[in-house]
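Encoded as structure tokens, the structure appears first; notes follow it.
Any read-out appearing in this document is the output of simple, stated calculations on the displayed coordinates, not a laboratory observation. These numbers were taken from a predicted model, which means no experiment stands behind them. Positions of Cβ are backbone-derived with ideal geometry, glycine not excepted, and every protein chain shown enters the neighbour counts.
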Amino acid sequence: MPGTRRRRRETPDRGLALLAALALGLYLVFLVLPLLLSLRSSFTNENPLRATNDFVGLRNYTEMVGDEQLRASLKVTLLLAFGVTIAANAIGVGFAILLNRTNLSYRVMRTVAFLPQVLSGVIVGFVWQTILTQNGVLNTALLKIGVLDEPYPWLGSPNAALFSIGVVVAWVLSGFTTVVYLAALQSIPLELHDMASLDGVRGTQRFRMVTWPMIAPGTTISVTISLITVLKLYDIIAVLTAGGPANSTQSTALYIVKLAFTSDRVGYASAVAMLLLALSALVALTVTGALRRREVSL
Amino acid sequence: MIRKPLLAACAAGLLALTAACSGGGGAGGEGDETALTYLVFETPSLTAKFWDDSIAAAQAEVPGAKINKIVAPSTDRDAYAKQLQQSGQFPDLLQSITPSNFVGAGLLKPYDKTWIDANFLLPSANTLKGEVYIPPTNSQIVPQVYYNKELFTKAGITAAPKNWAEFLDACAKLKASGVTPIELGGADPFAASMPLVGIVSADILGKNKNWLQDRYADKVKFADANVVTAVQKYRTLVGNGYFDKGALGVKYADSITRFTGGKSAMYPMGSWFLGSVPKENADNFGSFPWPTDDGSVVVPFVGGGSMAISAKAEDSAMAENFGRAWSLNPANLKALIETDGAFPMIKGKTLDDYGVTVSQVFKDSYAYVGQDNNKVNAIGWATNDDALPPGLNDAFYASAQALFSGDDVAGEMKKLDEAWKTATQ
């Protein structure tokens with residue numbers, strides 16, 4: 001009997017170890033290995049259509065210093081990352097407060113609010129393209145009600161196209177941020193609100209003194225994930241503008257793909273990918289650190 | 001209790017995945033059949049049915065060939081072929097790719113020149129370093145200027161412009177009549193570049209057919225004064241308001257609808273547009289070559305064609321036989337002529353031999369192919385020795401878009417030279 005008990009204890013452990021090994025194996029093969037291969041490639045002049053690829057040391061990294069297209073793409077990426085993160089989180093907090101009820105209609109609305117997040121970026125791009133092109137739904141409606149005299153180039157002028165992409169991405173992310181803030185709001189003990197009421201604290205004052213500090217952990221998660229999502233943004237831009245007009249909406253991720261598969265410069269594309277990885281890590285760590293410190297101070 | 005079945009399922013899944021991965025090679029087939037992978041692309045004209053029918057017909061002429069169709073996710077076949085090459089899945093047959101992108105790596109096998117010479121009107125149209133990797137079954141003019149006759153008449157224009165001055169005059173009259181003179185699908189980079197392709201092909205390549213070879217040899221540059229002066233013409237068209245102000249927001253598909261719907265009067269586009277001319281009022285449309293200063297005719301020509309063969313195909317002889325059978329099938333050309341505006345280039349055949357129904361504007365445009373005129377390789381579209389280096393097309397498209405909203409012609413041309421230097425290093 002004791003032997004049987006020992007066997008029963010060992011079997012689940014072995015099973016868990018196997019599952020963990022499987023997960024670790026997948027992580028190593030599909031994440032760590034490609035990362036290392038990309039790092040190695042970044043020190044070569046790898047070209048998919050060339051028989052030999054040579055080690056070029058730091059040449060790819062030094063070339064980045066004078067690469068105007070890279071600089072422009074980084075500017076676009078950072079502008080979108082910070083602009084969209086602020087907008088999506090503001091919308092998320094607003095929607096979460098509106099939807100923080102328990103009856104059926106609010107539960108349905110919560111599902112609707114989350115809908116943009118579950119759609120594929122490519123589908124989102126195509127849907128918004130029909131809205132934003134010169135003959136699109138938006139221009140047609142605005143012309144019909146007399147707001148515009150002629151169609152506005154929502155995707156046809158550099159600034160408007162960047163703004164349009166920002167709006168679309170903020171719309172997508174707001175589904176996610178709404179759910180995060182809703183969860184954060186529901187974790188606030190009701191007693192706190194009751195006490196605030198007794199103290200005569202209402203409206204914006206209650207939001208500032210009770211709600212905002214209490215949803216700080218949600219803010220950390222929401223802001224960090226929003227930032228990382230936008231820093232690697234590719235699909236929506238590829239469909240909506242393909243980086244145009246004149247590369248004015250080209251994100252760094254889009255630039256990397258073009259370098260690798262249009263210009264055949266896989267080595268240099270890998271170096272730019274390493275830069276984007278480092279930048280994303282730096283931004284994520286800095287922002288997470290700052291928000292964590294804020295959580296403690298609140 | 002549930003862990004063992006779960007583990008078993010995981011193991012089975014992994015085994016299945018491993019089996020699927022190891023069995024994913026292109027070659028191999030049932031019985032005596034040899035499987036060949038064939039990269040194609042679909043458009044509203046070249047539908048899945050077109051490819052399936054054309055494959056079945058060619059397959060019937062090549063016993064033992066089993067074709068596995070791969071459809072590119074977009075019309076950019078080159079980019080997808082490169083991705084497939086990166087992942088070790090380079091197809092055995094590749095429809096309408098740019099051979100210069102792949103020949104350097106030894107990935108393509110040339111066709112037998114005797115067969116090419118025997119079957120095509122311009123056997124050297126697709127010649128790359130002395131070899132032909134794509135049978136020149138058809139050709140295109142990129143761009144021609146298509147125009148709406150009714151809108152011309154309403155604006156008081158009695159004939160199609162023959163030179164640059166007449167073209168500007170026509171634009172001014174059309175604008176005065178309240179019509180957008182020139183349509184531009186600027187949201188799609190390739191369509192945005194059409195006027196620039198016309199200008200550079202007509203004004204620069206028209207005067208020096210070897211200009212692109214000279215550019216490769218570093219004897220000329222985009223920033224040279226003659227190129228800058230020519231490109232300045234595009235700024236003149238933009239500055240005078242001859243395009244819709246929001247043209248960079250107009251998709252290529254929408255630009256066709258706008259032009260055929262009478263919202264604009266002229267449309268510089270590749271001759272594939274002929275497949276979109278509405279049948280019910282086809283006679284209302286005409287065409288003329290992109291105008292030059294002195295009125296001389298320059299035809300920006302592209303030798304199109306069918307498929308390239310992978311040098312690594314398991315049975316490259318069978319792959320070539322399939323390519324030959326597909327290329328010479330009149331039924332394939334019929335569809336391409338009617339729906340894609342392709343100009344047929346098979347020796348000894350007239351339009352009637354294909355049993356096609358084409359408009360007068362098609363016949364007028366096709367006439368330029370047969371005439372003895374100044375044909376040049378359309379910049380950015382040629383797939384022969386005059387093909388641009390990898391990545392240059394994107395730079396050219398970006399310049400075209402940038403020059404729509406900015407006037408730094410010299411700066412944009414300098415950027416093209418820098419992009420050229422990087423691409424050819």
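Using alpha carbons only, what's the Rg to Rh ratio of chain A with Rh from Kirkwood?
1.07
Where a Cα-Cα gap under 15 Å defines reach, which aspartates and glutamates qualify for B:Lys347, not counting those fewer than 8 residues away within the same chain?
B:Asp117
With the dipole of chain B worked out from charges on the C-beta (+1 for Lys and Arg, -1 for Asp and Glu) around the Cα centre, which of B:Gln140, B:Asn226, B:Gln85 lies farthest toward the positive end?
Value: B:Asn226.
I'd like the antiparallel share, as a percent to the nearest 5, of DSSP beta bridges with both residues in chain B.
Bridges in chain B are about 60 percent antiparallel.
Per-residue ellipticity at 222 nm for chain B, helices alone: DSSP H runs ≥ 4 residues times -39500 (n - 2.57), over residue total, nearest 500 deg cm²/dmol?
When only DSSP H runs of four or more count, the value is -12500 deg cm²/dmol.
Enter the angle in degrees (range 0 to 90, nearest 10) between the Cα long axis of helix B:330-340 and the first principal axis of the Cα atoms of chain B, meaning the one along which they spread out most.
With rounding to tens, the tilt is 50 degrees.
Before anything else, pin down the relative contact order of the range A:1-147: Cα pairs under 8 Å, at least 6 apart, normalised by residue count, whole percent.
This gives 7 percent for the range A:1-147.
Work out from phi, with θ = phi - 60° and the Karplus expression 6.51 cos²θ - 1.76 cosθ + 1.60, the ³J(HN,Hα) of each residue of the range B:100-113, listed in order in whole Hz, and give x for Gly and Pro.
Whole-Hz 3J(HN,Hα) from phi for the range B:100-113: 4, 5, 10, 5, x, 8, x, 8, 10, 10, x, 7, 5, 5.
Go ahead and run the numbers for FRET between B:Ala317 and B:Ala118, Cβ-Cβ distance against an R0 of 22 Å, rounding to 0.05.
That gives a FRET efficiency of 0.80.
Which entries in the list B:Lys245/B:Lys279; B:Lys162/B:Lys207; B:Lys251/B:Lys363; B:Lys251/B:Lys421 go over 20 Å, if you measure between the two C-alpha atoms of each?
Checking Cα-Cα distances, B:Lys245/B:Lys279; B:Lys251/B:Lys363; B:Lys251/B:Lys421 exceed 20 Å.
Work out the mean other chain Cβ neighbour count within 10 Å for the residues of A:154-166 and drop it here as an integer.
Averaged over the peptide's residues, the number is 3.
If a helix is a whole DSSP H run, which ones in chain A reach 18 Å or further along their own axis (Cα) and hold a mean Kyte-Doolittle hydropathy of at least -1.0?
Sorted by number, the helices that extend far enough and score high enough are A:2-27, A:68-99, A:104-118, A:158-186, A:216-231, A:266-297.
How big is D for chain B, in µm² s⁻¹ as a whole number, if Stokes-Einstein is applied with the Kirkwood radius of its Cα pairs at 20 °C and 1.002 mPa s?
Rounded to a whole number, D works out at 93 µm²/s.
With a ≥ b ≥ c taken as the square roots of the eigenvalues of the C-alpha gyration tensor of the range A:215-284, please select rounded if a/c is under 1.5 and otherwise prolate if a/b is larger than b/c or oblate if it is not?
The shape class here is oblate.
A:Ala17 to A:Leu277: extension gain in nm, 0.36 nm per residue of separation minus the Cα-Cα distance?
90.5 nm
Per q in 0.06, 0.07, 0.09 Å⁻¹, report the Debye log10 I(q)/I(0) for the protein assembly as shown, using one uniform scatterer on each alpha carbon and no solvent.
The calculated log intensity ratios at q = 0.06, 0.07, 0.09 Å⁻¹ are -0.45, -0.60, -0.94.
Using a 7 Å offset from the Cα along the Cα-to-Cβ direction at both B:Val356 and A:Leu115, what is the distance between the two label points in nm, to one decimal?
Label-label distance for B:Val356 and A:Leu115, simple model: 4.6 nm.
Please get the size of the charge dipole for the range A:70-297, origin at its Cα centre, with Cβ charges of +1 on Lys and Arg and -1 on Asp and Glu, quoted in debye to the nearest 20.
With only Lys, Arg, Asp and Glu charged at Cβ, the dipole is about 280 debye.
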